[in-house]
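Trainee: Sharing a structure below in structure tokens format, with a few things to ask.
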Amino acid sequence: MNAERRRILESFRNGPALLTTALRRFPRKMWVYKHASNGPSIHDSVCRIADNEVIEYLHCRSLVANPDSATTGIDSFSESGRLGYFYQDISEALGIIRALRRFTYRFLENLPEDLWTRASDKHISLDQWLAIRESCYPEQIRRMERTYYEWLESTSSARTVTVACKTVSFESFVFRPGVAQENQ
């Protein structure tokens, strides 16, 4: 296996760890936040990633077994309401993601060289597929970060009001000789 493919394959393998690390940065209480009613929450995004991992697992194996076969996906962002993402467990979704990514990595790691560059009129090569899949997690994490910053922005005005109600005047922190002694 050439060095560039090995680098991309290792990055592909590390996708679930990258996702898990990113999720730790976001407070769980905001994982269901949606900036727009039809936009994805972080929770929806993780479930969508699990769905895509299943689809791409099948697509990968199809590219190897029969490069002329057609595989179809689902637009799970637009279908997230019907797919019940809100009710799905994130831990289980992450388990699916980890298991399928590990299984796909091991499958790809042992493929002969000639299968990597083979492409058909209908499909891309495995090299192209891997490069696309390797970049998916960073893109999804950037979307989650945007959702997080939108959530922060939407809650910052509420925090400002709360903080304003509890504001203590700056003068109460200024040391004034004699004042402290008078209050003793």
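The values are calculated or read from the model by the stated rules, or taken from the named source; none is laboratory data. As the structure is a computational prediction, the values presented were derived from the model and not from experiment. Using ideal geometry, Cβ is built from the backbone for each residue, glycine included, and neighbour counts are taken over all protein chains shown.
Trainee: Please enumerate the residues belonging to region 1-54 that are of a type in the set (Val, Ile, Thr), part of a helix (DSSP H, G or I) and in contact (Cβ under 8 Å) with a residue 24 or more places away in the chain. Please lay out each step first, then the result.
Mentor: Residues of region 1-54 of a type in the set (Val, Ile, Thr): 8, 20-21, 32, 42, 46, 49, 54.
Now drop any that are not part of a helix (DSSP H, G or I), which leaves 8, 20-21, 42, 46, 49, 54.
Of everything in region 1-54, those that are of a type in the set (Val, Ile, Thr), part of a helix (DSSP H, G or I) and in contact (Cβ under 8 Å) with a residue 24 or more places away in the chain turn out to be 8, 20, 42, 46, 49, 54.
Trainee: If you don't mind, another one. Considering only residues that are out of contact with any Cys (no Cβ under 9 Å at 6 or more places or on another chain), of a type outside the set (Ser, Thr, Tyr) and in contact (Cβ under 8 Å) with a residue 24 or more places away in the chain, which ones fall in region 125-145?
Mentor: Keep residues of region 125-145 that are out of contact with any Cys (no Cβ under 9 Å at 6 or more places or on another chain), which gives 125, 127-128, 131-132, 134-145.
Next cut, of a type outside the set (Ser, Thr, Tyr) only: 127-128, 131-132, 134, 136, 138-145.
127, 131, 134, 136, 138, 140, 141, 143, 144, 145 - these are the residues of region 125-145 that are out of contact with any Cys (no Cβ under 9 Å at 6 or more places or on another chain), of a type outside the set (Ser, Thr, Tyr) and in contact (Cβ under 8 Å) with a residue 24 or more places away in the chain.
Trainee: Just to confirm my filter: which helices (runs of 4 or more DSSP H) fall fully inside region 91-184 and include at least 1 residues that are at pLDDT 90 or above and among the acidic types (Asp, Glu)?
Mentor: Numbers: elements: 113-117, 126-165, 179-182.
Helices (runs of 4 or more DSSP H) meeting the threshold: 126-165.
Trainee: What residue, among those in region 1-38 that are buried (at least 16 other Cβ atoms within 10 Å of the Cβ) and of a type in the set (Gly, Ala, Ser), is nearest to residue 103 (Cα to Cα)?
Mentor: 15
Trainee: Is there a residue in region 55-68 that is modelled with pLDDT under 90, more than 22 Å from residue 106 (Cα to Cα), over 14 Å from the mean Cα position of the chain (by Cα) and not in a helix (DSSP H, G or I)?
Mentor: Yes, because at least one residue in region 55-68 is modelled with pLDDT under 90, more than 22 Å from residue 106 (Cα to Cα), over 14 Å from the mean Cα position of the chain (by Cα) and not in a helix (DSSP H, G or I).
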